[in-house]
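The values are calculated or read from the model by the stated rules, or taken from the named source; none is laboratory data. Predicted model, so just to flag it, every value in this text is computed and none were measured. Virtual Cβ from ideal backbone geometry, glycine too; neighbours counted across all protein chains shown. Side chains included, ligands, DNA and RNA excluded: accessible areas come from the protein's heavy atoms. Shrake-Rupley method; radii C 1.70, N 1.55, O 1.52, S 1.80 Å.
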Protein chains: 4
Amino acid sequence: MSDHLLLSCPDRPGIVAAVTGFLAAREFNIVELDQYSESGELVMRVAFDHEGSHEHIEDAFAEEVGKPLDAKWRIEHADRMRKVVLMASREDHCLHDILSRASRKEILAEVTAVISNHPDAAALAESHQVPFHHLAVGKETKASAEKAALDLMRADPPELVILARYMQILSPEFLAGIEEIGAAVINIHHSFLPAFAGGDPYRRAYERGVKMIGATAHYVTEELDAGPIIDQGTAAVTHRDAVEDLVAIGRDLERVVLARAVGAHLADRVFTIGGRTIVF
Amino acid sequence: MSDHLLLSCPDRPGIVAAVTGFLAAREFNIVELDQYSESGELVMRVAFDHEGSHEHIEDAFAEEVGKPLDAKWRIEHADRMRKVVLMASREDHCLHDILSRASRKEILAEVTAVISNHPDAAALAESHQVPFHHLAVGKETKASAEKAALDLMRADPPELVILARYMQILSPEFLAGIEEIGAAVINIHHSFLPAFAGGDPYRRAYERGVKMIGATAHYVTEELDAGPIIDQGTAAVTHRDAVEDLVAIGRDLERVVLARAVGAHLADRVFTIGGRTIVF
Amino acid sequence: MSDHLLLSCPDRPGIVAAVTGFLAAREFNIVELDQYSESGELVMRVAFDHEGSHEHIEDAFAEEVGKPLDAKWRIEHADRMRKVVLMASREDHCLHDILSRASRKEILAEVTAVISNHPDAAALAESHQVPFHHLAVGKETKASAEKAALDLMRADPPELVILARYMQILSPEFLAGIEEIGAAVINIHHSFLPAFAGGDPYRRAYERGVKMIGATAHYVTEELDAGPIIDQGTAAVTHRDAVEDLVAIGRDLERVVLARAVGAHLADRVFTIGGRTIVF
Amino acid sequence: MSDHLLLSCPDRPGIVAAVTGFLAAREFNIVELDQYSESGELVMRVAFDHEGSHEHIEDAFAEEVGKPLDAKWRIEHADRMRKVVLMASREDHCLHDILSRASRKEILAEVTAVISNHPDAAALAESHQVPFHHLAVGKETKASAEKAALDLMRADPPELVILARYMQILSPEFLAGIEEIGAAVINIHHSFLPAFAGGDPYRRAYERGVKMIGATAHYVTEELDAGPIIDQGTAAVTHRDAVEDLVAIGRDLERVVLARAVGAHLADRVFTIGGRTIVF
């Protein structure tokens, strides 16, 4: 079986030795080991092959390694599927893309719902056998739409919420509700953050006359477009590219950058220390 | 002989026809033709092969095309060397690079002076047979240093001033003086503008946790780091890269992006319309 | 209305003047003009805005420009949809992608059929309302499968056939049949051609220990993987990437590179001179 | 002090535990740890901070870790300068670049000699205070030139020989001689290997009509252009780029790719297993 251990703890000499010593004592074979420390905190991901189920070693690991190191840790099966909710809007290229990757099993995602403030994607979701929920968002309906979305998530809790070009700003209450459920939120921003944070980035990129555009996948935090960056991509553009050309070129960046970030998150490769991500 | 015509004028139907008709009537062969219009202005670059010297056709062109189109235009020999002044500071990798390209004739530059606020690059300039001028810049010496630099430029006017990681902000007076001489000013900024405009961009990029860094070559205008962008480049970085790693990775971006921008400028491939560059 | 003129003819001075003079005389506004010549042949694409329909000017253009220049030419409406047939196999990520782009109208394609040697993509094609044809290909069935595919194409002739990771080599007879119909054929090869032409390129790339992998979209000719290249892309890989990781990274290259090539072809931006493409 | 341990040994469970346990027992702090195994062989690089000199622990490491694991290993000071010989030819842009980086201390190289089959670079080498040796290579002088080069290297043995666009094929005898001295040999090939291995790659790339060109830095082995690849880079080109444009664009790739490979090698980040490099 192939599993991976995820661990974070206060940094001090001997952590890698303690973890790898534990695995070596059981003759488990390390397939991949990454560790990184910053600001006094160490994070670590160890993939290992072994016979039987890892559940048998969890008590021993807690006793021998977890407690002495004052660590937060868990062991995951390498191929466990994670429940994911997709939120989208009219621009549905990322929705198409993530649904296609999930149905092709390119990512470890079981999409349990598509929530959109536009009705257009209903047929798309259906064709992937995913329940579709149209929740219109206007000045007066935003709070109730968010509440309805949260109720949906509480009924079948996802581990990840993906904002696949969901063009609404989430309220702090909504974010808090999702956090309570225990889900992370990943957004794709259609610029090379921190350039052009906020709205209408392609128009602003055009006006500034940049020669490259970008896309940024990041965790969503209360501060708009300021959450930890997971992945970024850029593409060259020229003076000949009008705003709509930037939009078209940008779509391919958005698809790929979001997919890479989601893939890394679902494979438990992303840690966060002090607002920066560690992507193993 | 290979020459190129550079032309800008108010946009209206028939401009390309007028210019190419003029050349066709003389059986000149068009090698390359680029045109672009925006906001009612058209810019055009036509490279053409012909026998004899283009000076013979300038009067006819003025009469038949230039005046009717109300155009600004000039014809350049393809291989005319341009006088260039380099301004640098302690970080001298771009200075190394531009001097090396000039001496290898990769760019059409005759470097007439290196001006630096640090004495370190004297030997480097000398090894390229380029006069070196150390002009220390402090709170009290900035004005006199800029005046001395201007005097140097007035004595042997360059067509281009390159800020090769010259870490000083130029005063409006200094910029006005250079403009009077008729030289353009190109700067290399060590970030993907408009992200991290201003000082210490690598540190700020590290703190923001970006996954790509960039470099931007742009014309210098009065507003800091806001001039028309000529070229940009980006490179992937990871959480493992400390600030000094970003600096090292960034050096290669800076070298290449500045050299590309300078090369395009010296080949008369860069036009500006409304704060955006057209790079043919 | 926005149209574009496509023209190729023997190169000589005056061609651009003749074409643009014709348009100028009618006060048509040139939006974009590209021309390129090589080996004595000139190709040209001019996009122009005008009132009314371009059909009215075709006779005059033939008389005044086409015949004197001995040119092949046509004028196209900028937004005319083209009939496209998709051929796919078990690896269906490019099929997903092209169908998604067609249904989102990112490309000017009306997909009239999906032909596959595997039955798996039936539901996918159906969800896009595209007829699906399963034509099994074995040693003994290849000729009959190709014949059946040709019959389908003859019944509703496409302008483009896209091999979306169709893993079969087309017979010369099949290619000749498609050519007779008048359709171009674009293939996506999962390597940076000419490296690793032929089969199993990711395994061979792994074994060679390359640090970048690529994908290549090209027109199909009789010689395997040797047709004119339309677009290429590359991505960095490391020693940690096993063959299946290269496959996964490569999928994103293949999707994007194939889509860009198809988009350029359908927008009439691709010409061919002597085995090399000109992509305007 | 900052040092790093380099180790390779037959793979089996417990190696990481043994190494990190040794360091932990001495309270040495691991700064960076990379390990990789393939085909039954494990390679590992551990950077660690400690007080005093690592020489004091070498006997204990040999006894407690090296012998039991049947490992080849060494510990290096992080900032030890390595003697390097540069071999160049008429195309001297990589020579400029490596000399500039060495004199700026961007790489851990003390260049002890420049050997060229053209006399042109003498002044360049001199300006960097590096002895220059012109060894003409013709049909009849190749053997004696290689002998003279070997004699130079034997007199002051380098750890690395860099072929900075040295356009001669090294004889097996010369390579054997360099290996005897204990130096590695890195070459920069001006194509994206394995595409266009051998001579004149830019012309062949042009003729094939590729849309990207590349450069490859690799260790030199007896088989031409077939040694383990250390680094590669690519850049987009278009139909407008003639062979000389590919050459110019390629120069920037060559400079950067060679410099990255040399930098990684000198920092002891490159291992080789079965013809593929591991670059930590």
Residues satisfying the stated conditions in the range C:70-88, i.e. in a loop (DSSP other than H, G, I, E, B) and either buried (at least 19 other Cβ atoms within 10 Å of the Cβ) or more than 14 Å from chain A (Cβ to nearest Cβ) (or both): C:ASP70, C:ALA71, C:ARG80, C:MET81
Test result for C:ARG240, free of Cβ contacts under 8 Å to residues at least 12 places away in the same chain and among the basic types (Lys, Arg): yes
Residues of the range B:191-214 satisfying the condition of being of a type in the set (A, V, I, L, M) and free of Cβ contacts under 8 Å to residues at least 24 places away in the same chain: B:ALA195
Any hit, the range A:202-210, residues being more than 14 Å from chain B (Cβ to nearest Cβ) and of a type in the set (D, E, K, R): no
Matching option when the condition is more than 17 Å from A:ALA267 (Cα to Cα) and within 11 Å of chain C (Cβ to nearest Cβ), among A:LEU150, A:LEU95, A:LEU135: A:LEU95
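Conditions tested, residue by residue: (1) at pLDDT 95 or above; (2) closer than 30 Å to D:ASP3 by Cβ.
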{"position": "D:ALA217", "(1), (2)": "yes, yes"}
{"position": "D:GLU223", "(1), (2)": "no, no"}
{"position": "D:ARG251", "(1), (2)": "yes, no"}
{"position": "D:VAL257", "(1), (2)": "yes, yes"}
{"position": "D:ARG276", "(1), (2)": "yes, yes"}
Long-range neighbours under 6 Å by Cβ, at least six apart or interchain, first residue touching a residue at least 60 places away in the same chain (Cβ under 8 Å) and charged (D, E, K, R) within the range A:63-80, second part of a helix (DSSP H, G or I) and open to solvent by less than 70 Å² (accessible area, probe 1.4 Å): none
Whichever residue in the range B:241-259 is surrounded by fewer than 20 Cβ atoms within 10 Å (Cβ to Cβ) and closer than 22 Å to D:HIS93 by Cβ and, among such residues, is farthest from the other protein chains (Cβ to nearest Cβ): B:ILE249
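Collect the residues in the range C:153-174 that are hydrophobic (A, V, I, L, M, F, W, C) and either within 14 Å of another protein chain (Cβ to nearest Cβ) or buried (at least 17 other Cβ atoms within 10 Å of the Cβ) (or both), keeping them in residue-number order.
Correct list: C:MET153, C:LEU160, C:VAL161, C:ILE162, C:LEU163, C:ALA164, C:LEU170, C:PHE174.
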Total residues in the range A:108-132, condition more than 19 Å from A:ARG251 (Cβ to Cβ) and either assigned to a loop (DSSP other than H, G, I, E, B) or within 11 Å of chain C (Cβ to nearest Cβ) (or both): 10
Residue that is surrounded by the fewest Cβ atoms within 10 Å (Cβ to Cβ), among those in the range C:205-225 that are among the hydrophobic types (A, V, I, L, M, F, W, C) and more than 19 Å from D:VAL257 (Cβ to Cβ): C:LEU224
Members of the range A:37-64 that are closer than 16 Å to A:GLU27 by Cβ, open to solvent by 50 Å² or more (accessible area, probe 1.4 Å) and under 28 Å from the mean Cα position of the chain (by Cα): A:ASP49
Test result for A:TYR202, hydroxyl-bearing (Ser, Thr, Tyr), closer than 30 Å to B:THR277 by Cα and surrounded by fewer than 24 Cβ atoms within 10 Å (Cβ to Cβ): yes
Per-region count, the range B:1-25, residues open to solvent by 30 Å² or more (accessible area, probe 1.4 Å), under 14 Å from B:ILE278 (Cβ atoms) and either in contact with a Lys or Arg (Cβ under 7 Å, 6 or more places away or on another chain) or within 8 Å of chain C (Cβ to nearest Cβ) (or both): 0
Positions within the range D:94-106 being within 19 Å of D:GLU159 (Cβ to Cβ) and surrounded by fewer than 23 Cβ atoms within 10 Å (Cβ to Cβ), in sequence order: D:ARG101, D:ALA102, D:SER103, D:LYS105, D:GLU106
Members of the range C:26-51 found to be touching a Ser or Thr at 6+ places or on another chain (Cβ under 7 Å), more than 9 Å from every other protein chain (Cβ to nearest Cβ) and at pLDDT below 95, listed by number: C:ASP49
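Could you grab me the full set of residues in the range B:226-240 that are more than 8 Å from every other protein chain (Cβ to nearest Cβ) and open to solvent by less than 30 Å² (accessible area, probe 1.4 Å)?
B:GLY227, B:ALA235, B:VAL237
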Sole residue being of a type in the set (D, E, K, R), touching a residue at least 60 places away in the same chain (Cβ under 8 Å), open to solvent by 10 Å² or more (accessible area, probe 1.4 Å) and at the interface with chain B (Cβ under 10 Å from one of its Cβ atoms), chosen from A:ARG269, A:ARG276: A:ARG276
Sole residue being open to solvent by 20 Å² or more (accessible area, probe 1.4 Å) and modelled with pLDDT under 95, chosen from A:LYS142, A:LYS67: A:LYS142
Pairs with Cβ under 8 Å, 6+ apart, first in the range A:167-187 and at pLDDT below 95 and among the hydrophobic types (A, V, I, L, M, F, W, C), second open to solvent by 60 Å² or more (accessible area, probe 1.4 Å) and part of a loop (DSSP other than H, G, I, E, B): A:MET167/A:ARG90; A:MET167/A:GLU91; A:ILE169/A:LEU224
